[in-house]
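Participant: Take this structure, written in structure tokens, and hold onto it; I'll ask about it next.
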Number of protein chains: 2
Amino acid sequence: MNLRDIGEGALIRKIRERFALRPLPPPDRSVPEARRVKAGEVHAGIGDDAAVFDLPPGYSAVFCSDLLAENTHFLRNLHPPDSVGYKSIAANVSDVAAMGGIPMHFLISLAAPGDLDFSWIEGFLDGVERACRDFEISLLGGDSSSAGSIFVDVSMIGRVRSSQAIRRSGAKSGDAVYVTGRLGSSALGLRLLKTGTLDDPAVRRHLYPEPRHRIGPAVADQAHAMIDISDGLSTDLAHIVAESKVCARIYKDRLPAAPGVQEHDVLHGGEEYELIIIANDLPAMIEGIPITCVGEIIDSDLDNQVFLIDGTQESVLLPSGWQHFSG
Amino acid sequence: MNLRDIGEGALIRKIRERFALRPLPPPDRSVPEARRVKAGEVHAGIGDDAAVFDLPPGYSAVFCSDLLAENTHFLRNLHPPDSVGYKSIAANVSDVAAMGGIPMHFLISLAAPGDLDFSWIEGFLDGVERACRDFEISLLGGDSSSAGSIFVDVSMIGRVRSSQAIRRSGAKSGDAVYVTGRLGSSALGLRLLKTGTLDDPAVRRHLYPEPRHRIGPAVADQAHAMIDISDGLSTDLAHIVAESKVCARIYKDRLPAAPGVQEHDVLHGGEEYELIIIANDLPAMIEGIPITCVGEIIDSDLDNQVFLIDGTQESVLLPSGWQHFSG
């Protein structure tokens, strides 16, 4: 059974049944008020021209999109379809968290060949459903189309307390540079996956990333600047120094490496979905995840650069992560 | 000069310069309060992890996405790139209007081959810029990627007065069925374009659609149900009767046909971006566009169907517009 046999109307009906907005459970008092979904928040979901929902008073909307193209971001014979579904959502959750926001709702635009077996779509939706549970978010609609290859674009809305959004541009000389978790496992996981390894923590991390959706809003009061590591530490920290018009100095021996990774994975590996947080003083652990101070922000005389300190050696760390259109 | 030569970073810088949020002009008193963009509404735009903006008090958010895939929705050697840019935005503006909403902000996710000439991107952005002016909306960000062919997905946020969103499900027996404008020109325009004709109103309408972004919010008080004609009158009216659990009767001799079109174009032509409005009593003209009563909503005993009346003949009008994955 392929997509052409199923047809667009039946595909949308299947998705609508599976992702119907159900009556919400009574509020879990252990969840902070700001994170509880309010009943009546969504007025229209899947199956209308557009979704309609409310933002609670005192919040601004956070709005982002992230696309996955077959053969660029994933390979159909290497990446399980539920990983493609999960990653497409997780990447957006990570972007919302990097603004200090809480993810809420998303749309999926999916283009795929008419001869794609429907089991791929079922697997993809399994990953989407798991992401909905893990991140407490809801699918509200989207679009579908036939195309020569698979293309997934997810757009997401989150909320952030008014005037608490954390930009890339707020880093100041004297601030510390923190990273969440451990770095390098997504790049290692991709290499292992290509050799046929499936049962490995790095492979699982590559296939089902763990964006820091609780840490982002938890540090929104204290962070001066923040970004998620989607293209690699070197590339994403370069965005912070460029937007903030500062320099940064990071220490190689402080970088928290995941087990078994190479130095290149730590410095340049993409799809980490850890956060770089620029702040004055953060605790060593937030929401159960280690927070490591890896360096500091310094004034910039000329260019906005990142310096890497290795013992008594200092070098310029050039952004060497993933660049589209360059391959 | 192609995309690979330009690189992702430079592409984003170019877009950011071109679509920078400029200081807003003083409010034009002829524009209703609800449509004036408030200064300070956008806190973060292109060049951060996500955009951040406020909704005015008393409004719900309207959220939709619409994707265009090369060789499915457009042909690179037939459709000018500025038409692809313009249509990708206009389709979303139409969806927001069909909920009774006012479009505000959008994101673009663009995947394209690295060897695509940069002039295609420049043309595409010309169309996006023109759409920003025509619909008084702003580009706040998005994503870009390399891919084997061109994919464009636009996601849009609009606003609608709380509890005034117009669903597909509110049609009631006795309501009248209205359509805006004249039908069939997009399908005719595509046929003419394929023969090499460029200078024709139907071709212009196919390439640069005119979504009814002023009519949707203007009838939000009176409409019981509404949808835009993106897949054809027969298919989109079928969505209304299915969601509202009613039937509809429309009269062939009342259907407002655009000049030169065939009957099939009027009944089934897609990408019209006119509105089907279900209401009790609408004026013959709204915002300078003719509004035509083409039939009525009737009770449904069994299936939810659309009946076409042609003189003394009555037949079931089957949805015969565009269906993805079926070709």
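Participant: Mind checking which residues of region A:182-225 are free of Cβ contacts under 8 Å to residues at least 40 places away in the same chain, of a type in the set (Val, Ile, Thr) and either part of a helix (DSSP H, G or I) or open to solvent by less than 40 Å² (accessible area, probe 1.4 Å) (or both)?
Facilitator: A:Val203
Participant: Still on this model: With respect to the numbered conditions (1) within 12 Å of chain A (Cβ to nearest Cβ); (2) surrounded by 24 or more Cβ atoms within 10 Å (Cβ to Cβ); (3) of a type in the set (Val, Ile, Thr), which one is the sole condition not fulfilled by B:Val179?
Facilitator: B:Val179 satisfies all of (1) within 12 Å of chain A (Cβ to nearest Cβ); (2) surrounded by 24 or more Cβ atoms within 10 Å (Cβ to Cβ); (3) of a type in the set (Val, Ile, Thr) except (1).
Participant: Kindly list, by first and then second residue, each pair from a residue in region A:68-88 that is within 11 Å of another protein chain (Cβ to nearest Cβ) and closer than 16 Å to B:Asp153 by Cβ to a residue that is open to solvent by less than 40 Å² (accessible area, probe 1.4 Å) and in a helix (DSSP H, G or I), limited to pairs with Cβ atoms under 7 Å and residues at least 6 apart or on different chains.
Facilitator: A:Leu68/A:Val84; A:Leu68/A:Lys87; A:Leu68/A:Ser88
Table: residues versus (1) at the interface with chain A (Cβ under 10 Å from one of its Cβ atoms); (2) in contact with a Gly (Cβ under 6 Å, 6 or more places away or on another chain); (3) within 22 Å of B:Leu198 (Cα to Cα).
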| site | (1), (2), (3) |
| --- | --- |
| B:Ala91 | yes, no, yes |
| B:Ala97 | yes, yes, no |
| B:Gly114 | yes, no, no |
| B:Arg130 | no, no, yes |
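Participant: Another question, if that's okay. Tally time: how many residues in region B:61-76 are hydroxyl-bearing (Ser, Thr, Tyr) and at pLDDT 95 or above?
Facilitator: Let us first name the residues in region B:61-76 that are hydroxyl-bearing (Ser, Thr, Tyr), namely B:65, B:72.
Restricting the remaining residues to those that are at pLDDT 95 or above gives B:65.
Qualifying residue count, region B:61-76: 1.
Participant: Looking at region B:264-273, can you tell me whether even one residue there is closer than 27 Å to B:Arg161 by Cα and of a type outside the set (Asp, Glu)?
Facilitator: So far as region B:264-273 goes, yes, one or more of its residues are closer than 27 Å to B:Arg161 by Cα and of a type outside the set (Asp, Glu).
Participant: Any idea how many residues of region A:291-327 are away from chain B (no Cβ under 14 Å) and over 18 Å from the mean Cα position of the chain (by Cα)?
Facilitator: Step one: of region A:291-327, the residues away from chain B (no Cβ under 14 Å) are A:291-303, A:305-317.
Those still in the list that are over 18 Å from the mean Cα position of the chain (by Cα) too: A:292-303, A:305-317.
Selection size over region A:291-327: 25.
Participant: If a residue has to be closer than 15 Å to B:His239 by Cα and in contact with a Lys or Arg (Cβ under 9 Å, 6 or more places away or on another chain) to count, how many in region B:299-309 make the cut?
Facilitator: First pass over region B:299-309, keeping only residues closer than 15 Å to B:His239 by Cα: B:300, B:303-307.
Subset that is in contact with a Lys or Arg (Cβ under 9 Å, 6 or more places away or on another chain): B:300, B:304, B:306-307.
Looking only at that region, the number is 4.
Participant: Test B:Asp143 against the stated conditions and say whether it is touching a residue at least 24 places away in the same chain (Cβ under 8 Å), within 11 Å of another protein chain (Cβ to nearest Cβ), open to solvent by 20 Å² or more (accessible area, probe 1.4 Å) and closer than 22 Å to A:Ser144 by Cβ. Break it down into steps so the answer makes sense when it comes.
Facilitator: On the way: touching a residue at least 24 places away in the same chain (Cβ under 8 Å): yes; within 11 Å of another protein chain (Cβ to nearest Cβ): yes; open to solvent by 20 Å² or more (accessible area, probe 1.4 Å): yes; closer than 22 Å to A:Ser144 by Cβ: yes.
Judged against the criteria, B:Asp143 is a match.
Participant: Of these, A:Ala90, A:Ala61, which one is over 21 Å from B:Met104 (Cα atoms) and open to solvent by less than 10 Å² (accessible area, probe 1.4 Å)? Reasoning before the result, please.
Facilitator: Details: A:Ala61 fails: over 21 Å from B:Met104 (Cα atoms).
Of A:Ala90, A:Ala61, the one residue that is over 21 Å from B:Met104 (Cα atoms) and open to solvent by less than 10 Å² (accessible area, probe 1.4 Å) is A:Ala90.
Participant: Please verify whether B:Asp28 is in contact with a Lys or Arg (Cβ under 9 Å, 6 or more places away or on another chain) and either outside any loop (DSSP other than H, G, I, E, B) or modelled with pLDDT of 85 or more (or both), treating the condition exactly as stated.
Facilitator: Working: in contact with a Lys or Arg (Cβ under 9 Å, 6 or more places away or on another chain): yes; either outside any loop (DSSP other than H, G, I, E, B) or modelled with pLDDT of 85 or more (or both): no.
The answer is no for B:Asp28.
Participant: List the residue pairs whose Cβ atoms are under 8 Å apart, where the first residue sits in region B:247-271 and is under 30 Å from B:Phe74 (Cβ atoms), the second is assigned to a strand (DSSP E or B) and among the polar types (S, T, N, Q), and the two are 6 or more positions apart or on different chains.
Facilitator: What qualifies is B:Leu255/B:Thr292; B:Pro256/B:Thr292.
Participant: Looking at region B:38-69 only, could you name the residues that are part of a strand (DSSP E or B) and over 19 Å from B:Gly142 (Cα atoms)? Steps first, answer last, please.
Facilitator: The initial filter retains those residues of region B:38-69 that are part of a strand (DSSP E or B), namely B:42-44, B:51-53, B:59-69.
Hits for region B:38-69 are B:Tyr59, B:Ser60.
Participant: Something else: Go through (1) open to solvent by less than 10 Å² (accessible area, probe 1.4 Å); (2) within 7 Å of another protein chain (Cβ to nearest Cβ); (3) modelled with pLDDT of 95 or more; (4) out of contact with any helix residue (DSSP H, G or I) (no Cβ under 8 Å at 6 or more places or on another chain) and name the single condition B:Phe53 misses.
Facilitator: Unmet for B:Phe53, out of (1) open to solvent by less than 10 Å² (accessible area, probe 1.4 Å); (2) within 7 Å of another protein chain (Cβ to nearest Cβ); (3) modelled with pLDDT of 95 or more; (4) out of contact with any helix residue (DSSP H, G or I) (no Cβ under 8 Å at 6 or more places or on another chain): (3).
Participant: For region A:284-308, give me each residue that is closer than 30 Å to A:Tyr86 by Cα, touching a strand residue (DSSP E or B) at 6+ places or on another chain (Cβ under 7 Å) and either free of Cβ contacts under 8 Å to residues at least 24 places away in the same chain or open to solvent by 10 Å² or more (accessible area, probe 1.4 Å) (or both).
Facilitator: At the first step, the residues of region A:284-308 found to be closer than 30 Å to A:Tyr86 by Cα are A:284-294.
Those left that are additionally touching a strand residue (DSSP E or B) at 6+ places or on another chain (Cβ under 7 Å): A:284-285, A:289, A:291-294.
Those that are closer than 30 Å to A:Tyr86 by Cα, touching a strand residue (DSSP E or B) at 6+ places or on another chain (Cβ under 7 Å) and either free of Cβ contacts under 8 Å to residues at least 24 places away in the same chain or open to solvent by 10 Å² or more (accessible area, probe 1.4 Å) (or both): A:Ala284, A:Met285, A:Ile289, A:Ile291, A:Thr292, A:Cys293.
Participant: While we're here: Report, by residue number, each residue of region A:226-266 that is open to solvent by 20 Å² or more (accessible area, probe 1.4 Å), outside any loop (DSSP other than H, G, I, E, B), of a type outside the set (Asp, Glu) and farther than 14 Å from A:Glu296 by Cα.
Facilitator: Within region A:226-266, A:His239, A:Ala242, A:Ala257, A:His264 qualify.
Participant: Here's something else I'd like to know. Among the residues of region B:170-183, are any within 24 Å of A:Ser145 (Cβ to Cβ) and out of contact with any Cys (no Cβ under 7 Å at 6 or more places or on another chain)?
Facilitator: Filtering region B:170-183 for residues within 24 Å of A:Ser145 (Cβ to Cβ) gives B:183.
In the following step, the residues that additionally are out of contact with any Cys (no Cβ under 7 Å at 6 or more places or on another chain) were identified as B:183.
Among the residues of region B:170-183, at least one is within 24 Å of A:Ser145 (Cβ to Cβ) and out of contact with any Cys (no Cβ under 7 Å at 6 or more places or on another chain), which makes the answer yes.
Participant: What is the one condition in (1) farther than 24 Å from B:Ile277 by Cβ; (2) open to solvent by 10 Å² or more (accessible area, probe 1.4 Å); (3) aliphatic (A, V, I, L, M); (4) within 13 Å of another protein chain (Cβ to nearest Cβ) that B:Ile102 does not satisfy?
Facilitator: B:Ile102 satisfies all of (1) farther than 24 Å from B:Ile277 by Cβ; (2) open to solvent by 10 Å² or more (accessible area, probe 1.4 Å); (3) aliphatic (A, V, I, L, M); (4) within 13 Å of another protein chain (Cβ to nearest Cβ) except (1).
The values are calculated or read from the model by the stated rules, or taken from the named source; none is laboratory data. Note that the structure is predicted; figures quoted are calculated from it, not measured. Heads up, the Cβs are rebuilt from the backbone with ideal geometry, glycines too, and the neighbour counts pull from every protein chain shown. In case anyone asks, the SASA skips ligands and DNA or RNA and just uses the protein heavy atoms, side chains included. Shrake-Rupley method; radii C 1.70, N 1.55, O 1.52, S 1.80 Å.
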